[in-house]
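Following: one structure in structure tokens, then a few remarks.
The values are calculated or read from the model by the stated rules, or taken from the named source; none is laboratory data. Since this is a predicted model, take the numbers as computed values, not measurements. Reconstructed Cβ throughout: ideal geometry from the backbone, glycine too, with neighbour counts over all protein chains shown. In case anyone asks, the SASA skips ligands and DNA or RNA and just uses the protein heavy atoms, side chains included. Shrake-Rupley method; radii C 1.70, N 1.55, O 1.52, S 1.80 Å.
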Amino acid sequence: MSMAAAEQDTGDRDGKGGPVRRRGFLKAASGTALTAVGVVPAPATAPAVAPTIGFSMPSLTFDDPATQRRLGTLYASALTDVSDRNTIRADPAVYDKAGLLTDPPGTLVRAGAGYPTPQRWTRDAAVNAWSAASLLAPGLGRNTLWSVVDRGPGGLIVQQDNQWWDQVVWIVAAWHHYLVTGDRDFLARAHETSVNTMEAREAHSFNGAYGLFRGPGFMNDGISGYPDPPSTEGVRSSFVLDHPHAAELLCLSTNCLYYGARSALAAMADALGKPTEATSWRASAERLRVAVDRYLWRPDAGTYAYLVHGGGPFAGRVDTSQEGAGLALALLLGVADGQRARRILDSTHWQPHGIVNVWPHFARFGAGRPGRHNVMVWPMVHGLYGLAAAVAGRTEPFARAVETFADLASGSGGDFYEVYDSVSGKVDGGWQSGASGRAEHFVSQPHQTWSATAYLRLVHEGLVGLESSADAVRLRPCLPRRWGPVQLRGLRWRGLTLDIALTGAGNRVRSCTVDGRPGAPVLAAAETGRHTVELMLDGE
């Protein structure tokens, strides 16, 4: 069997000063059939895995032994995957373009152990900080965020490459980093970075006719994530922007992220004592939310469409496919109001093994050859949807998401892979056109960091309901009835260490004690030390 070959970033340029590609796709050599897992080559130069400094390692314990084996053990594995396997030493020549990395910790979180290095990818860095690194290891999360920031003539800015549509996820992650750490020095620099990045994107990517931002979907840098058009027969490339009019798409997930980024900029400005600026960002966020509802909401179906074609012969045509990340982000970032959120959660299509990237199969794919970015389960996307269900107080879809996630990982030996088949649940990278012009079978990478951090986030923000604000942390748990009592011990949040015990079931706090005294499930940011919080739940 031939080894899979990696399309690595060669440093070539797109004519606009940006690298042609940030992320390679591992695929089978022409004419070679891979197994479901595929052949995963070792990186040419494997970075030394660095010891973690200040990484919080909480313990999750379910009273029910079967639930502990199914869910609790995987939590410990996810912690290890992030803290040990995917925390690496940060080479300043590669990762410190902004001059803001600190040592200690001198480390950052990489995208995954299966890729060649270095991996300076904005989306992966931001998602991993947002999902877990900033909470569990603030120094590590901070370095991971700064590792994809440049210092240009106009100041700090997220690196400007040709996968420009996903840059603003950094802004959302940066605001979250401030909320879980209270780091005011970080906030000031993050605000500068965020303003410069958003201004660049508004100048380049805003479609004034629709009031929406241009660009492919957040997760879909591969053309397998799109119908025909923009997928074009004869284009010998898997990269979405190489296909006609793909840059002009107006996608749900991307516009939800821009809404979240504008809202985060408003919150940053408020925190920094800039009320006029905050008002402006908040107003622009609301205009964007209205535009998303106007062009993408489907009242007949109770959900959002995937995209509007923004240019070319199909301009104005709506694709009504279900985009998993788009729906999750619409719920989590507040684009969907309460009524729409309920309808989305009631109408979403699930495959046997979870929420897929885009449903249904595009015409050139099918159950036997599912598209890599089409009807496949990416655990990060699936995890976002599960979290959205928990935040909405929907215990049953939250339980389904967590249990399905755990079964996928346990079925692959307890490892966190990049992509899974949505019908069989087996590890599989899916199919996508490539340099040959024909559909090729791609590899699903092992030890994918954002798959591990997605599971951690389901526990921290879903099960326990950790909700951070500038001056306090609140617990809004979501405990499925069949899981039984559970304890999360040793979770650090700023100067606090929390031991949290949940009993009963549901999404409403019936009673709460803090260190044995009745109270609300809220602890002020000014407090320090170790505290025991016991919550009795009822409700859905």
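Is it true that Leu463 is closer than 22 Å to Ala78 by Cβ and surrounded by 16 or more Cβ atoms within 10 Å (Cβ to Cβ)? Working first, answer last.
Numbers: closer than 22 Å to Ala78 by Cβ: yes; surrounded by 16 or more Cβ atoms within 10 Å (Cβ to Cβ): yes.
Yes, satisfied.
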Any pair with Cβ under 8 angstrom, 6 or more apart, that starts in region 128-146 at a residue that is at pLDDT 95 or above and of a type in the set (Lys, Arg) and ends at one that is in a helix (DSSP H, G or I) and open to solvent by 10 Å² or more (accessible area, probe 1.4 Å): Arg142/Thr181
Subset tally (residues that are touching a residue at least 60 places away in the same chain (Cβ under 8 Å), over 20 Å from Glu461 (Cβ atoms) and over 17 Å from the mean Cα position of the chain (by Cα)) for region 164-192: 5
Residues of region 377-388 satisfying the condition of being hydrophobic (A, V, I, L, M, F, W, C) and closer than 15 Å to Tyr306 by Cβ: Val381
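Here's the yes/no breakdown for (1) under 26 Å from Trp121 (Cα atoms); (2) open to solvent by 10 Å² or more (accessible area, probe 1.4 Å); (3) without any contact (Cβ under 8 Å) to a residue 60 or more places away in the chain:
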residue	(1), (2), (3)
Gly211	no, yes, no
Arg214	yes, yes, no
Gly234	no, yes, no
Leu250	yes, no, no
Asp270	no, yes, yes
Any hit, region 187-203, residues being open to solvent by less than 10 Å² (accessible area, probe 1.4 Å) and more than 18 Å from Gly260 (Cβ to Cβ): no
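Among the residues in region 487-502, are any at pLDDT 95 or above, part of a strand (DSSP E or B), open to solvent by 40 Å² or more (accessible area, probe 1.4 Å) and at negative phi?
Pass one, region 487-502, residues at pLDDT 95 or above: 487-502.
Now drop any that are not part of a strand (DSSP E or B), which leaves 487-493, 496-502.
Then drop every residue that is not open to solvent by 40 Å² or more (accessible area, probe 1.4 Å), which leaves 489, 492.
Checking which are at negative phi leaves us with 489, 492.
Within region 487-502 (the criterion being at pLDDT 95 or above, part of a strand (DSSP E or B), open to solvent by 40 Å² or more (accessible area, probe 1.4 Å) and at negative phi), the answer is yes, since at least one residue qualifies.
Mind listing just one residue for me: the one in region 319-345 that is of a type in the set (Val, Ile, Thr) and surrounded by 20 or more Cβ atoms within 10 Å (Cβ to Cβ) and, of those, nearest to the chain's Cα centre (by Cα)?
Here is the first cut: in region 319-345, the residues of a type in the set (Val, Ile, Thr) are 320, 335, 344.
Those still in the list that are surrounded by 20 or more Cβ atoms within 10 Å (Cβ to Cβ) too: 335, 344.
Working: Val335: 17, Ile344: 19 Å.
Of everything passing the filter in region 319-345, Val335 is nearest to the chain's Cα centre (by Cα).
Mind checking whether some residue in region 449-462 is farther than 30 Å from Gln119 by Cα, out of contact with any Phe, Trp or Tyr (no Cβ under 7 Å at 6 or more places or on another chain) and among the polar types (S, T, N, Q)?
There is no residue in region 449-462 that is farther than 30 Å from Gln119 by Cα, out of contact with any Phe, Trp or Tyr (no Cβ under 7 Å at 6 or more places or on another chain) and among the polar types (S, T, N, Q).
Would you mind stating whether Glu467 is over 19 Å from Asp81 (Cβ atoms), free of Cβ contacts under 8 Å to residues at least 40 places away in the same chain and among the charged types (D, E, K, R)? Lay out the reasoning, then the answer.
Working: over 19 Å from Asp81 (Cβ atoms): yes; free of Cβ contacts under 8 Å to residues at least 40 places away in the same chain: yes; among the charged types (D, E, K, R): yes.
Spelling it out, Glu467 is indeed over 19 Å from Asp81 (Cβ atoms), free of Cβ contacts under 8 Å to residues at least 40 places away in the same chain and among the charged types (D, E, K, R).
Would you tally the residues in region 198-246 being assigned to a loop (DSSP other than H, G, I, E, B), of a type in the set (A, V, I, L, M, F, W, C) and touching a Lys or Arg at 6+ places or on another chain (Cβ under 9 Å)?
Going residue by residue through region 198-246, those that are assigned to a loop (DSSP other than H, G, I, E, B) are 208-211, 214, 216-221, 226-238, 243-245.
Keeping just the survivors that are of a type in the set (A, V, I, L, M, F, W, C) gives 209, 218-219, 235.
Now restrict to residues that are touching a Lys or Arg at 6+ places or on another chain (Cβ under 9 Å): 218-219.
Adding up the residues that qualify gives 2.
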